[in-house]
Amino acid sequence: MDSRDYERALAVLDRCVRIESVDAFGEEFLEALGSVYGCVHTAFFRTRAFTRTFADPAPVLNGRLPKIIDEYRGRWFPQDVMFTRESIARIGRYGVSSLTQLRPQQVPATARAYLDDFVFRRGFRSVCAIDLELPAGQRGVAGVFHETPDGLSRADLAGFAVIVRQLSPVARRLPASAGSPAALASLPPRLREVATLIGEGCSNATIARRTGLALDSVKKYTSQVLAETGCTNRTELALLVAGGR
């Protein structure tokens, strides 16, 4: 990394240290990456573990990712190349892993299918994951997709590692999400069932199919659950449900 590379990493940090709540963190972090590094196709998940991105029912999605998130969740999530052994080792050491850093011979066939039949078929040629610490044991997992193999340089990835190292201690101290475990436990059975399914990452349509409720009823019950538990969105509720298991 040269001085310009450090300046870019510091520019992201400067924007992110001004974030006032964990609820705003994902959107602000991705906006900083977009502004400084030109990252367009990005996602941010709040979850309990790096490999459980599917559990966030309302991730922040930019670029072309909103159009493919359902396919990812429904078919490809278990085969994500970022969840391979070598990638997870890099995440544990640096907080960052990129397809360009993984040895081809170490990519299992299932992850190769994920790349060939999902990532590449959708027009992307590189993918990177960033893992940050959030309050109360949560993780903030960012995915960055590019349409060219060299969308992120080695210096960019080194800059991301600097960002992770400096930003995680700051993000850990952000005000934690609202939400009352006691209120969750006291929900009536039907509302508790809806809350559990939201915690599993189910959409309203999926909840309607699994419970036999009308879609309008699911929407009404979801609003009631949020109000009763003090959560402001589905992500907070999912994390509250996960924390109670």
Which is surrounded by fewer than 21 Cβ atoms within 10 Å (Cβ to Cβ), touching an Asp or Glu at 6+ places or on another chain (Cβ under 7 Å), assigned by TED's automatic domain parsing to the domain that holds VAL60 and in a helix (DSSP H, G or I), of ALA161, ALA155? ALA155
Please determine, by comparing only the residues of region 198-245 that are of a type in the set (Gly, Ala, Ser) and farther than 25 Å from THR53 by Cβ, which one is modelled with the lowest pLDDT. ALA227
Residue list for region 13-31, restricted to those being within 20 Å of PRO135 (Cα to Cα), of a type outside the set (Lys, Arg) and either free of Cβ contacts under 8 Å to residues at least 24 places away in the same chain or in a helix (DSSP H, G or I) (or both): LEU13, ASP14, CYS16, VAL22, ASP23, ALA24, PHE25, GLY26, GLU27, GLU28, PHE29, LEU30
Can you tell me how many residues within region 204-236 are part of a helix (DSSP H, G or I) and without any contact (Cβ under 8 Å) to a residue 60 or more places away in the chain? 23
Of the residues ALA129, ALA158, ALA176, only one is under 30 Å from CYS231 (Cβ atoms), among the small types (Gly, Ala, Ser) and modelled with pLDDT of 95 or more; which? ALA129
From GLY123, GLY92, which residue is at pLDDT 95 or above, out of contact with any His (no Cβ under 7 Å at 6 or more places or on another chain) and not in a loop (DSSP other than H, G, I, E, B)? GLY92
Identify all residues within region 87-128 that are surrounded by 16 or more Cβ atoms within 10 Å (Cβ to Cβ), over 20 Å from PHE44 (Cα atoms) and free of Cβ contacts under 8 Å to residues at least 24 places away in the same chain; write none if there are none. LEU102
Tally of residues being more than 25 Å from the chain's Cα centre (by Cα) and under 27 Å from VAL60 (Cβ atoms) across region 188-207: 1
Consider only pairs whose beta carbons are under 6 Å apart and that are at least six residues apart or on different chains; among these, list those whose first residue lies in region 188-200 and is farther than 15 Å from LEU239 by Cα and not assigned by TED's automatic domain parsing to the domain that holds PRO59 and whose second residue is among the aliphatic types (A, V, I, L, M) and part of a helix (DSSP H, G or I). LEU191/VAL225
If you take the residues in region 209-245 that are over 19 Å from ASP56 (Cβ atoms) and polar (S, T, N, Q), which one is surrounded by the fewest Cβ atoms within 10 Å (Cβ to Cβ)? SER223
Looking across region 32-57 at residues that are within 9 Å of the chain's Cα centre (by Cα) and part of a loop (DSSP other than H, G, I, E, B), the single one that is farthest from ASN233 (Cα to Cα) is PHE50
State which residue is surrounded by the fewest Cβ atoms within 10 Å (Cβ to Cβ) when the search covers only region 28-67 and only residues that are among the β-branched types (Val, Ile, Thr) and modelled with pLDDT of 95 or more. VAL40
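The values are calculated or read from the model by the stated rules, or taken from the named source; none is laboratory data. Just so we're clear, the structure is a prediction, and the values are computed from it rather than from any experiment. Methodologically, a virtual Cβ is constructed for each residue, glycine included, from the backbone with ideal geometry; neighbour enumeration extends over all protein chains shown.
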